[in-house]
Amino acid sequence: MPVKSVNLMQLMERFHSEEACREVLAELRWSEGVKCPRCQDEGHAYDSERYVWDCYSCGYQFSALAGTIFHDTKLPLSKWFVAVLLMVEAKKGISANQMKRTIGVSYKTAWYLCHRIRAAMKDGRGALLSGIVEVDETYVGGKRRGGGAGKALKNKTMVFGAVQRGGNVRLRVGPNNSRKVLHGFIKDMVHDDAEAIYSDQHQSYVGLKDYNTRHESVNHAEEEWVRGDVHTNTVENVWSLFKRSIIGSYHQLSAKHLDAYLDEMAWRFNNRENPFLFRDTLIKLVSAEALEYKELIS
Ligand SMILES: [Zn+2]
């Protein structure tokens, strides 16, 4: 059965059985016909009792889950489906603790589940940003020593963001906000022919301008936030969403995990008007490679 947009009630009605879940995953994975994951051959026999295919060519027996993030899962697929819906619907993200309570699994299972779904949300092939692009950097996590806005942050991590007006966001953890690092991030994310780049007046942004790209900045130090259409409000809205999300309570996560949280945030933001986000996330899950628990905790 087709899965397009779905709410929690529809999800629970349609996908309460393992069979219904497997069926839709097979459809999403092999929309152009079932192929052997090992030899790519299309000739096969199907065993509908065990939900497995037998490849005529190489003899491999495989299910719709073979080699995917679902591979070897002991969790019912209906729980996976609910977990995916919760994650794509939660604007501020969902903690492993909340997932644990909502779908009734152990903390460890919930944590691993969230991470595997998050890993599938990584959007590797994103196009370069164009048009008008706002760039900014912020700190995530860390605790203030002694309090007060001017005090140094301990364990803080720097995050860069670039947002195309009316378009997508790109986020990345950065080692520092030197000119070299920031320019590198912008070069990786923003098209050479972008119309304009807007930033604050941080020294590291100097020199972004070229023959067909304007660079303009607002002077936050002098309380200038908007000048005509020059402002960085869009990227600052991303930061505020970000800080109200579970990332806001990030303390000791490794940079590796923070990257994954950023991918999750960006996936939701970039699909904010996509009514088929649940389906598209399932497609990513059946296309992404399995993520080992040992890989996550190393
Ligand atoms: Zn085969």
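The values are calculated or read from the model by the stated rules, or taken from the named source; none is laboratory data. Bear in mind that the values here come from a model prediction, so they are computed numbers and not experimental data. Cβ sites come from the backbone with ideal geometry, for glycine too, and all protein chains shown count toward neighbours.
Determine the pairs where a residue that is within 14 Å of ARG29 (Cα to Cα) and in contact (Cβ under 8 Å) with a residue 24 or more places away in the chain, located within segment 51-63, has a partner that is near the ligand (Cβ under 7 Å from one of its atoms) and in a strand (DSSP E or B) with Cβ atoms under 8 Å apart, the partner being 6 or more residues away or on another chain.
Within 8 Å, the pairs are PHE62/CYS55.
Only one residue in SER78, SER130 is touching a residue at least 40 places away in the same chain (Cβ under 8 Å), over 18 Å from VAL286 (Cβ atoms) and surrounded by fewer than 21 Cβ atoms within 10 Å (Cβ to Cβ), so which one is that?
SER130
Taking only pairs six or more apart or across chains, which ones have beta-carbon atoms under 6 Å, a first residue in segment 22-45 that is closer than 15 Å to ALA66 by Cβ and touching a residue at least 24 places away in the same chain (Cβ under 8 Å), and a second residue that is assigned to a helix (DSSP H, G or I) and more than 9 Å from the ligand (Cβ to nearest atom)?
LEU25/VAL286; LEU28/LEU282; LEU28/ILE283; LEU28/VAL286; ARG29/VAL286
Within segment 106-135, which residues are in contact with a helix residue (DSSP H, G or I) (Cβ under 9 Å, 6 or more places away or on another chain), among the basic types (Lys, Arg) and not in a helix (DSSP H, G or I)?
Correct list: LYS122 only.
Looking at (1) under 30 Å from PHE242 (Cβ atoms); (2) more than 21 Å from the chain's Cα centre (by Cα); (3) among the hydrophobic types (A, V, I, L, M, F, W, C), which one does TRP53 not meet, given that it meets all the others?
(1)
Here's the yes/no breakdown for (1) modelled with pLDDT of 90 or more; (2) surrounded by fewer than 15 Cβ atoms within 10 Å (Cβ to Cβ); (3) within 16 Å of the ligand (Cβ to nearest atom); (4) not small (Gly, Ala, Ser):
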site: PRO2; (1), (2), (3), (4): no, yes, no, yes
site: ARG14; (1), (2), (3), (4): no, no, no, yes
site: LYS35; (1), (2), (3), (4): yes, no, yes, yes
site: ALA90; (1), (2), (3), (4): no, no, no, no
site: GLY93; (1), (2), (3), (4): no, no, no, no
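Quick check: is even one residue across segment 45-63 more than 9 Å from the ligand (Cβ to nearest atom) and part of a helix (DSSP H, G or I)?
There is no residue in segment 45-63 that is more than 9 Å from the ligand (Cβ to nearest atom) and part of a helix (DSSP H, G or I).
So, in segment 52-66, exactly how many residues are buried (at least 16 other Cβ atoms within 10 Å of the Cβ) and either out of contact with any strand residue (DSSP E or B) (no Cβ under 6 Å at 6 or more places or on another chain) or closer than 19 Å to ALA288 by Cβ (or both)?
Final tally of qualifying residues: 6.
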